[in-house]
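The structure appears right after this line, and notes come after that.
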Ligand code: NAD
């Protein structure tokens, strides 16, 4: 089987995936190609068979759930989220995994995730982060805006069904005035082009010790900037993007990478993001 890999999604636009995966293949000395395959939602059934020519592939919006019926098996992580972003072709059998959760967990592996954690936002990526935080034993507060009340209630129930002893509550972010060990942003607040926005008050940032912002454009969000200026530890979404890809290579080929190699790819990804958005200032 050839060393062909791809990303499927629609539309794909300026994806960081080829840059990240090509660097990972180079580091492991593999002859492999990684390209982009746009598949419109109505074409997935017809094109699913042709995906078997790849040794592995990634999946992004809108196919993360709809790909599942075309796979032979799904791993535990993908079953947990009913969402697949990475497929391994294991001798003709397509096995689906979720490596977004690995990327998130590794991004915050040195954070006190069993402490008081505030998660802002409970959409697609926020749901995964809430579930992983609860699995880490967090005393979890989900900070929401009023339109997300029902979504947050459903997520809370989902977590309690999975982990009946989970400590979890939902609060309007605007009403919060207490201290947290960790603040996680899973909302788009602060994302390019509205980079002058911050999802939490200065008072909350002052009282926390660790910040993780899932946004990767800009590379340093206003939330991260404020936290770092106060001497807090802050990490951005490029780390998660690279670390989910690192996990894919482990699943596809058993390849492992050093911290230095991973940090170098995170920096290269951040530079590319800045280049694509005109210096990262817009
Ligand atoms: P989404 O639209 O599914 O969810 C965002 C949620 O945030 C929504 O529920 C929205 O109502 C809520 N929200 C908006 N403003 C808020 C506020 N002020 N306070 C609290 N909640 C608020 O989006 P998503 O797919 O979950 O993506 C969210 C962000 O994560 C995007 O910026 C996306 O680019 C980024 N992302 C990064 C990675 C990565 O690997 N780093 C992966 C996926 C998504």
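A short reminder: the numbers here are calculations on the coordinates, not readings from a lab. Model, not experiment: these values are computed from the prediction. A quick note on method: Cβ atoms are made from the backbone with ideal geometry, for glycine too, and the neighbour counts reach across all protein chains shown.
Can you tell me which of 13, 92, 75 moves the most in a GNM of the chain? Springs connect C-alpha atoms under 10 Å apart.
Between 13, 92, 75, it is 13 that shows the largest mean-square fluctuation.
Take region 65-172, drop everything but the C-alpha atoms, weight them equally and run the Debye formula without solvent; then report log10 I(q)/I(0) at 0.21 Å⁻¹ to two decimals.
Values returned for q = 0.21 Å⁻¹ are -1.09.
Counting alpha carbon pairs within less than 8 Å and at least 6 residues apart, what relative contact order, in whole percent, applies to region 175-282?
Relative CO of region 175-282 lands at 24 percent.
Where in region 69-110 does the label zone of residue 157 land, with the point 7 angstrom along Cα→C-beta and an amide N cut-off under 20 Å?
Residues 80-83 qualify, since their backbone N sits under 20 Å from the label point.
What Kirkwood hydrodynamic radius, in Å, does the chain give when the mean of 1/r is taken over all pairs of distinct Cα atoms and then inverted?
19.5
Tell me, what is the Rg over Rh of region 1-64, with Rh the Kirkwood radius over Cα pairs?
0.98
Take 275, 116 and order them by how many other Cβ atoms sit within 10 Å, fewest up front.
275, 116
What is the gain in length, in nm to one decimal, between residue 38 and residue 229 on full extension, counting 0.36 nm per residue of separation less the C-alpha to C-alpha distance?
Here the answer is 64.6 nm.
Please report the projected area of region 1-155's Cα convex hull averaged over all directions, in nm².
10.7
How do 43, 270 line up, fewest other C-beta atoms within 10 Å first?
43, 270
Per residue Cα convex hull volume for region 219-282, in cubic angstrom?
91
May I ask you to derive the FRET efficiency for residue 31 and residue 73 from their Cβ-Cβ distance with R0 = 22 Å, giving the value to the nearest 0.05?
The formula returns an efficiency of 0.20 here.
Which percent of the Cα-Cα distances in region 103-236 go past 22 Å?
29
I want the antiparallel fraction of DSSP beta bridges within the chain, as a percent rounded to 5.
Counting DSSP beta bridges with both partners in the chain, the antiparallel share is about 20 percent.
At a 10 Å Cβ-Cβ cut-off, how would you order 83, 209, fewest neighbours first?
By the 10 Å Cβ count, ascending, the order reads 209, 83.
Summarise the long-distance tail of P(r) for region 121-180 by giving the % of C-alpha pairs beyond 18 Å.
Counting pairs separated by more than 18 Å, the tail of P(r) holds 27 percent.
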